[in-house]
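The values are calculated or read from the model by the stated rules, or taken from the named source; none is laboratory data. These numbers were taken from a predicted model, which means no experiment stands behind them. Cβ coordinates were reconstructed from backbone atoms using ideal geometry, including for glycine residues, and neighbour counts include every protein chain displayed.
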Amino acid sequence: MTVRPWDPARDRAAVVRCFAELQDVERALEPSLPEGAAVAETYVDWMVARCAEWDGAVFVAEEGGGAVVGFVCVWAHVPPDDPSYHHDTAHVSDLVVLPAARGRGIGRALLARAEEHARARGAERIRIGVLARNEGAHRLYRACGYR
């Protein structure tokens, strides 16, 4: 498994598929959310636009043969419009590993790469949003030191 910066031309379709998967998992936990296929293209465009504005990056995890099995998006400098954020706070907007690839440390590797990106750009804190009922994500984040 390799974690590398995404290449929009090469990886866009895979990232859109991964986001649709994440959205559908979250929709199962929160039925008011829209279906993944209905919002994935638009969301990925928005996510990437925020990367350009907020010193962000997208990293993909790929396995043998170059198959993308997950991605993470991190924004290194979230604007301080929200009083709970500071100029030195980064934010992981999305982290997903496809079901067939889970349980092999890919989520940890993606999160570590997001943290590395944020630290290299001066972020002193990093935040992650997660649905309260997403126990799998909570376990991963707690195991990685998040609270």
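Suppose we keep only residues that are free of Cβ contacts under 8 Å to residues at least 12 places away in the same chain and not acidic (Asp, Glu) within the range 125-135. Which one would you say is surrounded by the fewest Cβ atoms within 10 Å (Cβ to Cβ)?
Ala132
Are any residues in the range 109-143 within 11 Å of the chain's Cα centre (by Cα) and either assigned to a loop (DSSP other than H, G, I, E, B) or modelled with pLDDT under 90 (or both), and if so, which ones?
Gly129, Val130
Restricted to the range 45-71, and to residues that are among the β-branched types (Val, Ile, Thr) and without any contact (Cβ under 8 Å) to a residue 60 or more places away in the chain, which residue is nearest to Asp94 (Cα to Cα)?
The extreme case among them is Val58.
Being buried (at least 16 other Cβ atoms within 10 Å of the Cβ) and modelled with pLDDT under 95 narrows it down to one residue among Ala40, Ala76, Ala14, Ala61; which is it?
After applying the criteria, what remains is Ala76.
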